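Below: one structure, written as structure tokens.
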Amino acid sequence: MNLSPNSDKKKCELTSTDKPEKIMKPVEFHPFLPDFHSNLYSIYQRLRSEDPVHKSFVGDTWVLTSYKDVKAIITDSRFGTFDIPKQIQDKHQYSQKKGKELNTLAYLSSKWLFYMNPPDHTRLRGLVNKALSSVKFDHVRSYIQVIVDELLDKVRHTGFIDIIADLAMPLPVMVIAKVLGIPPEDQELLHQWSNTLSRILDQPVSLEEYEKMNQAIMQFKAYLNELIIERIRKPQEDLITTLIGVGEQGKNLTEDEVLTTCILLFITGEETTVNSIGNGMLALLYHPEQMEKLKREPQIIPSAIEELLRYDSPVQITARQALETVEIGGQIIPSGEKILVCLGSANRDPEKFSAPDSLDLTRQDNHHLAFGDGIHHCLGARLARMQIQIAINTLVQQLPNLTLDTDKIEWRKNIALRGLTSLPVSFSL
């Protein structure tokens, strides 16, 4: 066939109706973008598919999103916790110039289990676990039910509840205080301090915020020191007394370890429980057929809560640091580099979970990572699960026709933690 000189050129030219294919930009982990929270799981999906061991320009960190890699790192002794207390100590010099200090925060946070590595972590975790094993959880369960019923009674006549403000936030404060032995009249004060300190779990944190945390932890320490002295003088049937007396092979907790463990239980217990109740109820409101199933079959609540934890995890990201040079997914991660392991992404990995974006309250073999894994598995997971089960099941069973009362869901501006600012819901009187 003979072609004219311009025929090839014409063939290559686009007509007015032709549209070039849309070229997608390379996937990036950018948690400070406005739509990060609303598009979180689609971002995870792209990362898992295109770049599961991703080097992010944000903080020059690695971001891992597959279940296989996340579980490997949080259970591998070649990776330690990221040393936030050292970072705080490094910032102390800047704070000093303003006549303030961060030493108390740096020192006491270094005693928190999730910032410790073996062998110190092994000793402390063993003693704390021994103390927690003495808690009478059957009595605690009954107490939780009483609190939930009382909180719902306050709004039952209104036909409206903000699940975060009216239930999820006050519940863990009251429960943890009861377990530790904190007098009811002091609970709000400790809640304020722990709420300030909880910002340490979600980086980055400004110098001003660290200074506020340092003030809060100093007040927390002064309060608990007095309470510990009182318990030494006059023991009670509470966890503080147990922590003071716990021992193993001649090893006991120091006074600082007792008070830092109490602070840690407040901070982590509040965050995980509040977020789990809120995220879980939102998921049920978006899936009314699943809510109706739970209402008809309350006995499925244990598996239902595990599925809600997997589906929208309260802790999305945790940080680790390579203690030696390691190869992961074909990438070399040098010793000392920071790694963000995305628990929320791992819990939606189709390589691990069938139909991971579907909510199935009867899902079996649900080995999610919402509470972590390995030596840093959440210390208060059992207590958190108990509160989440009772709160959600009671809401579903006692308040008829729960309906989301807003068309705008607002997420807290966190990165590592995922939780709602509010969850307004109406119900039938």
Q: Name the residues whose placed amide hydrogens come within less than 5 Å of the amide hydrogen of Ile328, ignoring near sequence neighbours (fewer than 5 apart) on the same chain.
A: Ile333
Q: Rounding to the nearest 20 debye, state how big the charge dipole of the range 223-286 is about its Cα centre with +1 on each Lys and Arg Cβ and -1 on each Asp and Glu Cβ.
A: 120
Q | Whole-number percent relative contact order across the range 24-426, with pairs defined as alpha carbons under 8 Å at least 6 apart | A | 24
Q. Which of the following values of Rg and Dmax of the Cα atoms in Å was calculated from the structure shown: (i) 23.5, 74; (ii) 21.0, 74; (iii) 24.6, 106?
A. (iii)
Q | Per-residue Cβ neighbour rank within 10 angstrom, fewest leading, Cys262, Cys378 | A | Cys378, Cys262
**Q.** Neighbour-count order for Trp411, Trp112, fewest beta carbons within 10 angstrom listed first
**A.** Trp411, Trp112
Q. What ranking of Val58, Val326 emerges when the number of other C-beta atoms within 10 Å of each C-beta is taken as an exposure proxy, fewest first?
A. Val58, Val326
Q) Quick one: putting +1 on the C-beta of Lys and Arg, -1 on the C-beta of Asp and Glu, what dipole do you get for the chain around its Cα centre, in Debye to the nearest 20? A) 460
Q: Round to a whole angstrom and tell me the spacing of the C-alpha centers of the range 319-335 and the range 141-217.
A: 37
Q: Could you give log10 I(q)/I(0) at q = 0.17, 0.21 Å⁻¹ for the range 77-211, computed by the Debye formula over C-alpha point scatterers of equal weight, without solvent?
A: -1.10, -1.25
(Q) What are the ³J(HN,Hα) couplings of the range 303-319, residue after residue, when phi is run through the Karplus curve with 6.51, -1.76, 1.60 and θ = phi - 60°? Round to Hz, x for glycine and proline. (A) 6, 4, 5, 4, 5, 5, 5, 5, 5, 8, 5, x, 10, 8, 9, 9, 9
Q.
I'd like to compare 369-377, 71-79, 225-233: which one has the highest average count of other Cβ atoms within 10 Å, and what's the full order after that?
A. 369-377, 71-79, 225-233
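Since every read-out is calculated from the coordinates, none of them should be taken as a lab result. Small disclaimer: the values here were computed from a predicted structure and weren't measured. Reconstructed Cβ throughout: ideal geometry from the backbone, glycine too, with neighbour counts over all protein chains shown.
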